[in-house]
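**Student:** The structure is given below, and queries will be raised subsequently.
The values are calculated or read from the model by the stated rules, or taken from the named source; none is laboratory data. Model, not experiment: these values are computed from the prediction. Note that we place each Cβ from the backbone using ideal geometry, even for glycine, and neighbour counts take in every protein chain shown. Side chains are part of the model used for accessible areas, which takes the heavy atoms of the whole protein and leaves out ligands, DNA and RNA. Shrake-Rupley method; radii C 1.70, N 1.55, O 1.52, S 1.80 Å.
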Amino acid sequence: MESDFIALDGVEKVFDVRRRTGRLRREKTRVRAVDGISFTVPRGEMVGYIGPNGAGKSTTIKMLTGILTPSGGRVRVAGIDPARERTRLARHIGVVFGQRTTLWWDLPLRDSYRLMHRMYRIPDDRFKANMARCVEQLDLGELLDVPVRQLSLGQRMRGDIAAALLHDPEVLYLDEPTIGLDVISKAKVRDFLRDLNAERGTTVLLTTHDLTDIEQLCKRVMVIDHGRLVYDGALAGLHEVGESERTLVVDLERELPPVEVAGARVLKVEGPRQWLAFPASVSAAPLVAAVAQRYPLVDLSVREPDIEAVIAKMYADRSAL
Amino acid sequence: MLWASGHGAGGGACLGLATRGFGLGARTSRKTGAVGVRVYAVVAAGGFRRYATYRVATAAGVFTNTVFGFIVAYTFTALWDERPQLGGYDLSQAVTYVWIGQALLMTTAMMGGGFENELMERIRTGDIAIDLYRPADLQLFWLASDLGRAAFHLLGRGVVPMALGALAFDLALPADPLVWVAFLCAVALGVVVSFAIRFLVALSAFWLLDGAGVAQITWLVGLFFSGMVLPLTLFPGGLGALAQVLPWSALLQIPADVLLGKHTGWGLVQAYGFQLGWAAVLLTAGRLLQSVATRRVVVQGG
Ligand SMILES: Nc1ncnc2c1ncn2[C@@H]1O[C@H](COP(=O)(O)OP(=O)(O)OP(=O)(O)O)[C@@H](O)[C@H]1O
Ligand SMILES: [Mg+2]
């Protein structure tokens with residue numbers, strides 16, 4: 001149970017879509033939104049679930065909450081079959097759909113929390129303490145008496161995240177929780193999630209298009225494309241799959257012709273500064289030593305490969321197949 | 001950070017221990033079964049307050065109700081002058097009927113305009129997903145919210161037009177407070193029947209995606225068959241008989257007749273029975289439809 005707290009086994013979801021093809025003719029097409037996905041997530045892990053638009057991420061999350069019934073395969077969350085025992089599962093999970101809100105639109109934020117209190121039958125002391133935490137960490141103090149419709153997107157999102165956590169869920173599903181947020185709001189949300197996971201041991205499944213979210217929060221990442229899992233492993237491992245490169249930025253004493261060292265190629269020269277690319281899988285140390293030995297080196301820095309580029313490459317490679 | 005590990009006063013020192021407290025929370029929640037009544041009280045209170053926030057709209061609504069009340073009351077006066085005792089009402093009763101209609105128009109949502117637009121929109125956009133993963137019953141949740149709304153509309157949109165009507169016209173209002181209580185009970189039942197109808201209409205959006213057409217037809221039918229346009233007792237023959245047995249008569253005709261003292265004693269019990277019967281039938285139909293809908297639900301959108 002602890003190691004397969006969330007368990008999917010050959011899960012499929014097929015949508016029948018009716019399309020108008022003529023004036024009266026209608027054609028039925030089948031969309032395999034999720035096409036045989038298997039994975040497990042142990043309790044307390046924080047996993048990124050990424051993929052291009054229409055890959056099947058949201059569909060997977062909906063099956064994990066029980067609001068969509070899988071067309072095939074087996075889903076278990078905390079030992080519960082979500083689609084069959086949706087209401088029982090509801091007490092164990094928290095859900096944030098970045099593009100929707102659980103909050104009462106016309107009423108102050110506080111009223112929505114009061115509703116959660118009763119709906120999830122949260123003991124008073126826990127409710128109070130959880131509220132205090134959320135208010136402090138998510139900076140909600142000033143917002144509690146503001147009608148939700150008057151909140152900015154970032155404020156509302158923070159309000160929604162708090163609403164999803166007041167009943168101490170064991171799992172938190174986040175479907176694009178940072179969509180449309182500015183840098184500061186994103187950082188706040190990320191800090192909060194990191195703390196939640198580290199201190200409460202809440203299992204978190206996070207979908208996003210912002211790879212910084214993943215880099216900062218998740219050690220493990222799953223990549224889904226066309227309803228299939230195409231990668232499941234450490235974030236770092238993605239680099240190898242994508243054959244990515246790191247960049248060594250060197251500042252020389254003066255303007256020089258492109259540096260020539262084994263195992264690296266020069267990407268760009270800008271005055272005394274040069275950019276050298278080398279495989280992400282090898283150590284930077286020998287390269288730095290070689291440069292330092294033969295060139296008047298003033299300063300240097302190593303840049304990690306852009307995960308975004310790696311994944312873009314992965315998506316592209318797959319659709320080329 | 002200590003996530004309410006049960007004893008909030010622990011402070012920052014026992015951060016690491018908080019993980020244990022989390023298990024405790026899970027255990028407490030596991031043993032709780034169905035959702036309590038209190039959640040629905042909160043929902044109803046929310047339903048009341050969310051309408052209360054729109055003060056300008058309420059004032060505008062009161063104005064409209066009052067203006068229409070005057071227009072219709074004068075029309076009825078002209079009509080009853082020609083045909084006294086039309087439909088079994090004398091002039092003062094007929095005018096009273098008009099003002100009851102204005103007071104209840106929003107309360108029993110004869111023209112719709114309650115939760116159903118919102119619910120349909122939630123189904124259409126897929127926001128319904130949120131309602132479905134909550135541990136609350138969809139139908140009860142929306143019923144509670146609609147009762148809260150109705151309570152607000154009775155106070156906010158009903159009392160003032162009725163009072164103004166009573167100042168300007170000679171109304172046949174009862175002096176006996178028990179009749180008023182009986183009237184309020186009939187109104188409450190009317191709201192439930194009205195809710196049950198609109199819930200069915202809203203759920204149609206699961207299949208039709210755009211339930212607006214169905215909703216409009218229902219409102220039109222509702223406006224007519226509730227007795228808002230004319231008291232149902234005025235309709236001749238078969239149409240009149242039909243109008244009296246359709247559920248919409250529970251929305252205005254019955255509450256109005258209770259206030260006008262037409263249903264007393266056993267007659268009152270029968271009137272309530274009629275409302276309760278329709279409420280039971282329609283709510284059950286709603287439940288069935290709801291379970292079909294949520295079982296084969298296709299939640300829209302990413
Ligand atoms: N209710 C539905 N009816 C028909 N097809 C659907 C429905 N919901 C999703 N789909 C299809 O299933 C596929 C997966 O959709 P899903 O919403 O899971 O993608 P996603 O990975 O969340 O994408 P995004 O990053 O754009 O949010 C898409 O091709 C989509 O068109
Ligand atoms: Mg999505």
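**Student:** Of B:Ile71, B:Ala293, B:Leu251, which is farthest towards the positive pole of chain B's charge dipole, taken about the Cα centre with +1 and -1 on the beta-carbons of Lys, Arg and Asp, Glu respectively?
**Tutor:** Going by the charge dipole, the pick is B:Ala293.
**Student:** Give me the percent of the accessible area of region A:207-297 that comes from carbon and sulfur atoms, probe 1.4 Å, all protein chains in place.
**Tutor:** Reported share for carbon and sulfur atoms: 50 percent.
**Student:** Kindly identify residues of region A:13-36 having a loss of at least 10 Å² in accessible area between the isolated chain and the assembly of all protein chains, probe radius 1.4 Å.
**Tutor:** A:Phe15
**Student:** Just the number please: accessible area per residue for chain A, 1.4 Å probe, all protein chains included, in Å².
**Tutor:** Heavy-atom SASA per residue in chain A reads 45 Å².
**Student:** Now for a different question. Hey, what did region A:6-239 get for relative contact order, percent, Cα under 8 Å, at least 6 apart?
**Tutor:** Computed value for region A:6-239: 27 percent relative contact order.
**Student:** Within region B:207-302, list the trypsin sites (Lys or Arg not before Pro) lying in a DSSP loop whose Cβ has at most 10 other Cβ atoms in a 10 Å radius.
**Tutor:** Those satisfying the criteria are B:Arg296.
**Student:** What percent do you get for the relative contact order of region B:4-300 when only Cα pairs under 8 Å and 6+ apart count?
**Tutor:** 23
**Student:** Which net charge results for the neighbourhood of B:Gly114, defined as the other residues with beta-carbon distances under 11 angstrom from its beta-carbon, given Lys and Arg at +1 and Asp and Glu at -1?
**Tutor:** Neighbour charge sum, excluding B:Gly114 itself: -1.
**Student:** Can I ask one more? For the residue pair A:Ser281 and A:Gln150, what label-to-label distance in nm results when each label sits 7 Å from Cα along the Cα-to-beta-carbon direction?
**Tutor:** 5.8
**Student:** Continuing with this model, one more query. Could you calculate the FRET efficiency of A:Phe15 with A:Thr87 from 1/(1 + (r/R0)^6), where r is the beta carbon distance between them and R0 is 25 Å, rounded to 0.05?
**Tutor:** The calculated FRET efficiency here is 0.55.
**Student:** First measure r as the distance between the Cβ atoms of A:Ser301 and B:Arg38, then evaluate 1/(1 + (r/R0)^6) with R0 = 51 Å and state the FRET efficiency to the nearest 0.05.
**Tutor:** E between A:Ser301 and B:Arg38, to the nearest 0.05, is 0.30.
**Student:** Once neighbouring chains are kept in place and the probe is 1.4 Å, which whole percent of the accessible area of chain B is contributed by carbon and sulfur?
**Tutor:** 70
**Student:** PRE reach from A:Ala234 (point 7 Å along Cα→Cβ): which of region A:211-228 fall under 18 Å by backbone N?
**Tutor:** A:214-223
**Student:** May I ask which residue of B:Val181, B:Leu260, B:Ala168 lies farthest towards the positive end of the charge dipole of region B:152-302, with charges of +1 (Lys, Arg) and -1 (Asp, Glu) on Cβ and the Cα centre as origin?
**Tutor:** B:Val181
**Student:** Against the longest principal axis of chain B, how steep is helix B:159-168, in degrees 0 to 90 to the nearest 10, with axes from Cα atoms?
**Tutor:** Here the helix axis deviates by roughly 20 degrees.
**Student:** Working from Cα positions, state the angle (0 to 90°, nearest 10) between the long axis of helix B:138-153 and the longest principal axis of chain B.
**Tutor:** With both axes taken from Cα atoms, the answer is about 50 degrees.
**Student:** Arrange the residues A:Arg126, A:Arg88 by how much accessible surface each exposes, largest first, with a 1.4 angstrom probe.
**Tutor:** Putting A:Arg126, A:Arg88 in descending order of accessible area: A:Arg88, A:Arg126.
**Student:** Using the alpha-carbon atoms, what tilt in degrees (0 to 90, nearest 10) does helix B:212-225 show relative to the longest principal axis of chain B?
**Tutor:** With both axes taken from Cα atoms, the answer is about 40 degrees.
**Student:** Given +1 on the Cβ of Lys and Arg, -1 on the Cβ of Asp and Glu, and no further charges, what dipole in debye does chain B carry about its Cα centre, rounded to the nearest 20?
**Tutor:** Dipole size: approximately 1460 debye.
**Student:** Could you work out how far the C-alpha centroid of region B:83-104 sits from that of region A:86-110, in angstrom?
**Tutor:** One Cα centre to the other: 47 Å.
**Student:** Between B:Val221 and B:Gln244, what length in nm is gained on full extension when 0.36 nm per residue of separation is reduced by their alpha carbon distance?
**Tutor:** Stretched out fully, the B:Val221 to B:Gln244 stretch lengthens by 7.0 nm.
**Student:** With just the Cα atoms defining each centre, how far is region B:35-80 from region A:7-58? Give it in Å.
**Tutor:** For region B:35-80 versus region A:7-58, the Cα centre distance is 45 Å.
**Student:** Find out how many positive minus negative residues lie around A:Val183, taking Lys and Arg as positive, Asp and Glu as negative, among other residues whose Cβ is under 11 Å from that of A:Val183.
**Tutor:** So the surrounding residues net to +1.
**Student:** Roughly how many whole Å is it from the C-alpha centroid of region A:127-198 to that of region B:116-192?
**Tutor:** Measuring centre to centre over Cα atoms gives 33 Å.
**Student:** Something else now. Farthest toward the dipole's positive end in region A:6-239, which of A:Ile80, A:Thr202, A:His117, given Cβ charges of +1 (Lys, Arg) and -1 (Asp, Glu) about the Cα centre?
**Tutor:** Towards the positive end, the residue furthest out is A:Ile80.
**Student:** Here's something else I'd like to know. In nanometres, what is the gap between the two model label sites at A:Arg254 and B:Leu184, each 7 Å from Cα along Cα-to-Cβ?
**Tutor:** Distance between the two pseudo-spin positions: 9.6 nm.
**Student:** Probe radius 1.4 Å, ligands and nucleic acids left out: can you give me the accessible area buried at the B-A interface, summed over both chains, in Å² to the nearest hundred?
**Tutor:** Roughly 4700 Å² of accessible surface disappears when B and A pair.
**Student:** Related question: Using a 1.4 Å probe on protein heavy atoms, which residues of region A:65-110 have at least 50 Å² less accessible area in the complex than alone?
**Tutor:** A:Ile67, A:Arg86, A:Arg91, A:Arg100, A:Thr102, A:Trp104, A:Asp106, A:Leu107
**Student:** Under a point spin-label approximation (7 Å from Cα along Cα-to-Cβ), what is the A:Ala289-B:Tyr74 distance to one decimal in nm?
**Tutor:** Label-label distance for A:Ala289 and B:Tyr74, simple model: 10.2 nm.
**Student:** Under the 0.36 nm per residue contour assumption, what length would be gained going from the current alpha-carbon distance of B:Val67 and B:Glu118 to full extension?
**Tutor:** 15.6 nm
**Student:** Give the percent of DSSP beta bridges with both residues in the protein assembly as shown that are antiparallel, rounded to the nearest 5.
**Tutor:** Antiparallel bridges make up about 70 percent of those DSSP assigns within the protein assembly as shown.
**Student:** Using 17 Å as the cut-off for backbone N distance, which residues of region B:168-210 belong to the label zone defined by a point 7 Å from the Cα of B:Leu155 along Cα→Cβ?
**Tutor:** The answer is B:184-185, B:188, whose backbone nitrogens lie closer than 17 Å to the label point.
**Student:** If you don't mind, another one. With a probe of 1.4 Å, find how much accessible area region B:4-300 has per residue, and write the answer as a whole number in Å².
**Tutor:** Ligands and nucleic acids excluded, the figure is 43 Å² per residue.
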